[in-house]
Each structure stands twice: as structure tokens, then as C-alpha cells.
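Input: a single structure, listed below in C-alpha cells.
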Amino acid sequence: MSFTKLQNQVAEGLQQIMDPEINTVSIVDLGMVEKIEIGQREDGYTVNVILLPTFLGCPALGIIKGNIIKSLFALPEIASATVQYAYHPPWTSDRITPQGLQGLKAFGISAPPSINEEDGSWEAECPYCSSMYVTVDNLFGPTACRSILYCKNCKNPFEVMKPISNLM
Ligand SMILES: [Zn+2]
């Protein structure tokens, strides 16, 4: 297999790896993939994937790492596969692709809120009724990655991803 073809296959493989907690969004669309390093040695290619964790201490990180390594070793030309997490630059919600935002919405998770610079309040769109009339109900949500907001229009609670990885 040529180098370029392998590069494409690795990229395609990563596109199939979903966030284990949000199975409608791939790690590529979440903006987690920072770099794919491919090298060559006598017995095959070496691949090192550098990921930016969306949130430090997210329980999904170990699962994602294992799934990537498994998918890479499915390609017989790959002799070595590694995954590293990097913390610089920090992940921010700006890295999520439009397709990623749609996947989040399909899962009932709103696009990450924008933060009002004047008073620090969060502005988010309700995934059910698209109202912006929402309030932060519980900053800490079910996982470290997400928070619960409450829609004052349709009276539903919903989740949002926290906008910056170091906002804990
Ligand atoms: Zn609503």
C-alpha cells in the first residue's frame, strides 16, 4: 500500500471511531484529532495519533485509545500503533465540525454555549425547541464533559458540552 493510500485509510478509520458516550459523533468531528504521524520501518508502517482530550479526566479517554489502536491494527501494513494525548493547544468547542454539531444535537446535546463576556453567563440553544431562553441548571452534569441546562420555553432539561477543555 502506498503512503498516501495508508494515510487516507487511517483517516477514514478514525472517522469511524465514535465518542463512547455520544455514539452519534466521531472523534474527528469532535475535533479531537490533532495530528497523525506515519513512519516507515522494515516490517511495516508506524502510526502515532495525537489527540486532544475534550475534557481532562473524561472516562471515555481510555476506551477511545483502545478503539483507535484496534482499528489501526486491522490494517495489515501497520506494524506499530500508538495513541498519545496532548494538552496543548487545549481543545475548545470551536474545533467541532458542523457535522459534529449535528450529531450532538441528534443525541439531545446542544452545541456548546457561547459565554457572555460581560457577565459570564452561558448562551445556548435548546436542542428540542431551538429557544435561546435557557438557564444553567447544574454546571457539573453527568460527566465532567457536559453540563445540564434548563429550557425555560419548552421546560426540558438538556445537556451541553462545556466549551473549553480546562473549564472544570
Ligand atoms: Zn426548549
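Within the set T82, T4, the sole residue that is among the polar types (S, T, N, Q), exposed (fewer than 15 other Cβ atoms within 10 Å of the Cβ) and either without any contact (Cβ under 8 Å) to a residue 12 or more places away in the chain or assigned to a loop (DSSP other than H, G, I, E, B) (or both) turns out to be T4.
Within the stretch 88-104, is there a residue that is within 16 Å of the ligand (Cβ to nearest atom) and either assigned to a loop (DSSP other than H, G, I, E, B) or touching a strand residue (DSSP E or B) at 6+ places or on another chain (Cβ under 9 Å) (or both)? Checking the stretch 88-104: at least one residue is within 16 Å of the ligand (Cβ to nearest atom) and either assigned to a loop (DSSP other than H, G, I, E, B) or touching a strand residue (DSSP E or B) at 6+ places or on another chain (Cβ under 9 Å) (or both).
Determine which member of the set K65, K155 is at pLDDT 80 or above and more than 15 Å from the ligand (Cβ to nearest atom). Before the answer, list the steps.
Details: K155 fails: more than 15 Å from the ligand (Cβ to nearest atom).
When all the criteria are applied, what remains is K65.
I'd like the full set of residues that are surrounded by 15 or more Cβ atoms within 10 Å (Cβ to Cβ) and not in a strand (DSSP E or B), limited to the stretch 21-55. Selection gives E21, I27, V28, D29, L30, G31, M32, L52, P53, T54, F55.
Step by step: first the residues of the stretch 124-152, then only those that are charged (D, E, K, R) and at pLDDT 75 or above, then the one that is surrounded by the fewest Cβ atoms within 10 Å (Cβ to Cβ). Which residue is that?
K152
The values are calculated or read from the model by the stated rules, or taken from the named source; none is laboratory data. As the structure is a prediction and not an experimental result, all values here were calculated from the model. No Cβ is skipped: glycine too gets one built from the backbone with ideal geometry, and neighbour counts run over all protein chains shown.
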